[in-house]
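Accompanying notes for the structure given below.
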Amino acid sequence: MRLVLLGPPGAGKGTQAKLLVEHYGIPQLSTGDMLREAVAAETPVGLKAKAVMSTGNLVSDEIVNAIVSDRIDKPDCANGFILDGFPRTLQQADALAAMLEEKGIGLDCVVELAVNDDQLVERVSGRFTCASCGEGYHDVFKKPKVADTCDRCGGHEFKRRADDNAETMRNRLQAYYKETSPLIGYYYAKGLLKRVDGMGEIGVVHEAVRAILDSE
Ligand code: AP5
Ligand code: MG
């Protein structure tokens, strides 16, 4: 299964992708995670991306397309993948279509997670992740079962993202509405778009996404 998760910052793309990885056994390809790894490792791509990401703007199509093209060539993508945060511009969507066409494959589905802006800001401002295994949490909506202890790996260190602040979030939302939301029409026209109400609880949204994917 080859799937795109589309939605604004904080919509739950990463959260839902991880649940789908567990269920379907195909990898999550998050361009945000890959770029943050490049920033942390101070690679040439990371050095270019760092300043852009800290303002909430989009990294260049050229950089992101190259990262994804390399990644989908890896053997673990042979049976499918879940794209989280890519494509994010019409140019990226066309580049993805060309990459897949070259391999003689295509997308099966694009799931749009619809969440209102107030809820997005609340989700992003309460987000934190385990520093060891990357499990995602929220101050209100998804607390670790035992305080300060990761449910998954037992780690005690957590981190927050540098771009999860009010000003950067405003820019990220603007970038979404300006650059990424046109993809809703783009994929609708191709008959691939499925819209899911992302306002429900994490498990409820997961069931709704699964129901769509299992009926494909
Ligand atoms: P990226 O890392 O992709 O960030 P984003 O799109 O802003 O999305 P988020 O990761 O913030 O949100 P999410 O939808 O994954 O939500 P999550 O599941 O964590 O990109 C970061 C930056 O990298 C960009 O700004 C850009 O600069 C660059 N970049 C990345 N890709 C690029 C591309 N293709 N082109 C150009 N530049 C690119 O959930 C959020 C919180 O809410 C969590 O705490 C979670 O626990 C909680 N939560 C989730 N679901 C629910 C629910 N249903 N109910 C209650 N709480 C929930
Ligand atoms: Mg994410």
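Data overview
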| item | result |
| --- | --- |
| Extreme residue, farthest from L83 (Cα to Cα), among residues of region 35-53 that are within 8 Å of ligand 1 (Cβ to nearest atom) and open to solvent by 30 Å² or more (accessible area, probe 1.4 Å) | V52 |
| Sole exception among (1) exposed (fewer than 13 other Cβ atoms within 10 Å of the Cβ); (2) in contact with a strand residue (DSSP E or B) (Cβ under 6 Å, 6 or more places away or on another chain) for C109, by number | (1) |
| Extreme residue, nearest to L6 (Cα to Cα), among residues of region 67-101 that are aliphatic (A, V, I, L, M) and within 17 Å of the chain's Cα centre (by Cα) | L83 |
| Neighbours by Cβ (under 8 Å, 6+ apart or cross-chain): first from region 58-81, among the acidic types (D, E); second within 12 Å of ligand 1 (Cβ to nearest atom) and not in a loop (DSSP other than H, G, I, E, B) | D61/Q91; D61/Q92; D61/A95 |
| Hits in region 73-104 - residues which are over 27 Å from Y177 (Cα atoms) and either of a type in the set (G, A, S) or open to solvent by less than 60 Å² (accessible area, probe 1.4 Å) (or both) | C77, A78, G80, G104 |
| Single residue of Y137, Y187 found to be modelled with pLDDT of 95 or more, outside any helix (DSSP H, G or I) and either touching a Phe, Trp or Tyr at 6+ places or on another chain (Cβ under 9 Å) or surrounded by 13 or more Cβ atoms within 10 Å (Cβ to Cβ) (or both) | Y137 |
| Members of region 197-216 that are closer than 15 Å to D108 by Cβ and either in contact with a Pro (Cβ under 7 Å, 6 or more places away or on another chain) or surrounded by 13 or more Cβ atoms within 10 Å (Cβ to Cβ) (or both) | V209, R210, I212, L213 |
| Subset of region 162-175 [surrounded by 15 or more Cβ atoms within 10 Å (Cβ to Cβ) and in a loop (DSSP other than H, G, I, E, B)] | D163, D164 |
| Enumeration of residues in region 8-29 that are open to solvent by 10 Å² or more (accessible area, probe 1.4 Å), out of contact with any Ser or Thr (no Cβ under 7 Å at 6 or more places or on another chain), within 13 Å of ligand 1 (Cβ to nearest atom) and small (G, A, S) | G10, G12 |
| Residues of region 193-216 satisfying the condition of being touching a residue at least 60 places away in the same chain (Cβ under 8 Å) and in a helix (DSSP H, G or I) | I202, V205, H206, V209, R210, I212, L213 |
| Test: residue in region 92-100 that is more than 16 Å from ligand 2 (Cβ to nearest atom) and at pLDDT below 95 | no |
| Test: D76 is acidic (D, E), out of contact with any Phe, Trp or Tyr (no Cβ under 6 Å at 6 or more places or on another chain) and within 14 Å of ligand 2 (Cβ to nearest atom) | no |
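The values are calculated or read from the model by the stated rules, or taken from the named source; none is laboratory data. Owing to the predicted nature of the structure, the values given are computational and were not obtained by experimental measurement. All Cβ positions, glycine included, derive from the backbone under ideal geometry; neighbour counts span all protein chains shown. With ligands, DNA and RNA removed, areas are computed over all heavy atoms of the protein, side chains included. Shrake-Rupley method; radii C 1.70, N 1.55, O 1.52, S 1.80 Å.
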